[in-house]
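Asker: Following this message is one structure expressed as structure tokens.
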Amino acid sequence: MQDQMLGVVLWADIDDRKAVIWCEDHGNLAYYTAAEQNVHEGIDLDAGDLIQFDLREDRDVRRARNLRRVDAGYAPTIVHELRNRGPRGSSTAENVVCFPEARRAG
């Protein structure tokens, strides 16, 4: 199965060219490894970047391929927001972090 997806980068390692991506469908996280790619190898990702990518599901792992940055720094506080939410005695409603709405070009 392969679909196009929007996602926000939660973690990226520039040296190893890897990333973990929160997908707009709120399903499992997607993983990106540039070593698996043969196109778009020059893209450097940072946490908070909004990207569009092809999503491929391999067994129990979602993989992101053919990344395209839509908006650098789109959700700069997303990692902080996710870290501060959690099961520490809070209700489910307090654990919800909304996926930022994608900005549409004019």
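Nothing in this text is a laboratory measurement; each read-out follows from the coordinates by a stated rule. None of these values were measured; they are calculated from a predicted model. Note that we place each Cβ from the backbone using ideal geometry, even for glycine, and neighbour counts take in every protein chain shown.
Asker: On full extension of the chain, what length is gained from N84 through W11, given 0.36 nm per residue of separation minus the C-alpha to C-alpha distance?
Answerer: Taking N84 through W11 to full extension adds about 24.7 nm, to one decimal.
Asker: Taking H as built 1.01 Å from N, whose amide H comes closer than 5 Å to the amide H of V70, not counting residues under 5 places away?
Answerer: L50, I51, Q52
Asker: Moving on to the next point. What's the extension gain from R56 to T77 if we count 0.36 nm per residue and subtract their Cα-Cα distance?
Answerer: Between R56 and T77, full extension yields an extra 4.8 nm.
Asker: Mind giving me the nanometre distance, one decimal, between the label points for R68 and A35, set 7 Å out from Cα along Cα→Cβ?
Answerer: 2.8 nm
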